[in-house]
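Asker: If you scroll down you'll find the structure; I have some questions about it.
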Amino acid sequence: MATKNVEKIIAPATPHYVGDGFRVHNFIPGNEQRLSMQRMSPFIMLDYNSKFYFPPSKTPRGVGVHPHRGFETVTIAYKGKVAHHDSGGGGGVISEGDVQWMTAASGVLHKEYHEEVFSRKGGDFQVVQLWVNLPAKDKMSQPKYQAIENKNIHRYHVENNGGEIEVIAGQYKDVKGSATTFTPLHLFNAKLNKGAKTSFSFPENYNTALLVIEGNIIINAAEKVATDHLALFENKGESFTIEATENAFVLILSGEPIHETIAAHGPFVMNTQAEILQAFNDYNQGKFGYLED
Ligand code: MN
């Protein structure tokens, strides 16, 4: 199999706040240094709250009531805890190592906050939020949640005690992820011990990137990628290797692009401008339900 090379390594952009609880570096989409929605489709947004200490607070920090339509939000908690509530009466806590896969689809109204006990104590907070686009035929489907607790994530054990690959979605070697997706994609957390080396293989046309959450790695024995940096791969070749030069934690994403037009505005990602207007109208008419602030 041909080697898949790194196209570029992207340093974290200046962080900004989403609400008052998420201090994020945006990697997708954004300016030309970062990645467009089309280039990384089906992954259309990646906000990364790199490890950051939040002091104790009596009022949980976070982001108030807001809608989503047309895609899925995937929240991965590495440090700290995120609580969420939605207009359908759903809610829960995403603890360290857990993943929440929320299919907003036809529409969800929710709020996302630091969990209460975490808030009161304060502590390190490190979270990724990824938006996964839906194909036109599924954009108005029924909203749903997949709450994936860390203990239920399927794992591949790397040879020679090298660590483990948590398969959130898709497949790594013979291990399948438990999350169901609308289009083919792979999402892994690779926890590699110092010196461990492992390989990955994805179809050439899949858009592929990795984000180093912790530690340092070398890709294809050539490209060093440091903590909090993202490596984008070329759409050529299939296989690459990662070597952990110290204990490392790496988020790996690869997915088949959705070749449809994208009309995006704030919390709505549809195919046409008319559908965006419809989303605003539906939201203003209360069709997303009601949720107290
Ligand atoms: Mn949200």
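Asker: Which condition from (1) of a type outside the set (A, V, I, L, M); (2) in contact (Cβ under 8 Å) with a residue 12 or more places away in the chain; (3) surrounded by fewer than 18 Cβ atoms within 10 Å (Cβ to Cβ) is the one that ASP86 breaks?
Answerer: Only one criterion in (1) of a type outside the set (A, V, I, L, M); (2) in contact (Cβ under 8 Å) with a residue 12 or more places away in the chain; (3) surrounded by fewer than 18 Cβ atoms within 10 Å (Cβ to Cβ) is unmet by ASP86, namely (3).
Asker: Does the range 119-130 contain at least one residue that is part of a strand (DSSP E or B), β-branched (Val, Ile, Thr), in contact with an Asp or Glu (Cβ under 6 Å, 6 or more places away or on another chain) and within 16 Å of the ligand (Cβ to nearest atom)?
Answerer: no
Asker: Tell me, yes or no, whether the range 124-145 has at least one residue that is modelled with pLDDT under 95, open to solvent by 30 Å² or more (accessible area, probe 1.4 Å) and within 26 Å of ALA209 (Cα to Cα).
Answerer: Within the range 124-145 (the criterion being modelled with pLDDT under 95, open to solvent by 30 Å² or more (accessible area, probe 1.4 Å) and within 26 Å of ALA209 (Cα to Cα)), the answer is yes, since at least one residue qualifies.
Asker: Next up: Which one of GLU223, GLU256 is within 26 Å of LEU185 (Cβ to Cβ), over 20 Å from the mean Cα position of the chain (by Cα) and surrounded by 14 or more Cβ atoms within 10 Å (Cβ to Cβ)?
Answerer: Unique residue meeting the criteria: GLU223.
Asker: Kindly provide the set of residues from the range 226-245 that are more than 21 Å from the chain's Cα centre (by Cα), free of Cβ contacts under 8 Å to residues at least 60 places away in the same chain and open to solvent by less than 30 Å² (accessible area, probe 1.4 Å), ordered by number.
Answerer: none
Asker: Ok, one more. Could you tell me which residue of the range 49-65 is farthest from PRO12 (Cα to Cα), considering only residues that are within 15 Å of the ligand (Cβ to nearest atom) and assigned to a strand (DSSP E or B)?
Answerer: So, considering only residues that are within 15 Å of the ligand (Cβ to nearest atom) and assigned to a strand (DSSP E or B), the one farthest from PRO12 (Cα to Cα) is VAL65.
Asker: Does ASP20 fit the bill of being within 15 Å of the ligand (Cβ to nearest atom) and outside any strand (DSSP E or B)?
Answerer: Yes.
Asker: Another one. If I filter the range 259-270 down to residues being more than 16 Å from the ligand (Cβ to nearest atom) and under 29 Å from GLN171 (Cα atoms), which single residue comes out as surrounded by the fewest Cβ atoms within 10 Å (Cβ to Cβ)?
Answerer: HIS259
Asker: Could you tell me which of the residues PRO56, PRO60, PRO42 is in contact (Cβ under 8 Å) with a residue 24 or more places away in the chain and out of contact with any helix residue (DSSP H, G or I) (no Cβ under 8 Å at 6 or more places or on another chain)?
Answerer: PRO42
Asker: Now for a different question. Any idea which residue in the range 66-93 is farthest from LYS151 (Cα to Cα), counting only those that are more than 13 Å from the ligand (Cβ to nearest atom), touching a Gly at 6+ places or on another chain (Cβ under 9 Å) and assigned to a strand (DSSP E or B)?
Answerer: Per the criteria, the residue is LYS79.
Asker: Shifting gears a bit: Just to check your reading of the model, which residue among GLU164, GLU112 is part of a strand (DSSP E or B), farther than 30 Å from VAL269 by Cα, in contact (Cβ under 8 Å) with a residue 12 or more places away in the chain and not polar (S, T, N, Q)?
Answerer: Just a single option satisfies the conditions, and that option is GLU164.
Asker: Moving on to the next point. Could you check, for the range 97-104, whether at least one of its residues is open to solvent by 30 Å² or more (accessible area, probe 1.4 Å), away from the ligand (no atom under 12 Å from the Cβ) and either in contact (Cβ under 8 Å) with a residue 24 or more places away in the chain or touching a Leu at 6+ places or on another chain (Cβ under 7 Å) (or both)?
Answerer: No: the range 97-104 contains no residue that is open to solvent by 30 Å² or more (accessible area, probe 1.4 Å), away from the ligand (no atom under 12 Å from the Cβ) and either in contact (Cβ under 8 Å) with a residue 24 or more places away in the chain or touching a Leu at 6+ places or on another chain (Cβ under 7 Å) (or both).
The values are calculated or read from the model by the stated rules, or taken from the named source; none is laboratory data. Predicted model, so just to flag it, every value in this text is computed and none were measured. All Cβ positions, even for glycine, are placed from backbone atoms using ideal geometry, and neighbour counts span all protein chains on display. With ligands, DNA and RNA removed, areas are computed over all heavy atoms of the protein, side chains included. Shrake-Rupley method; radii C 1.70, N 1.55, O 1.52, S 1.80 Å.
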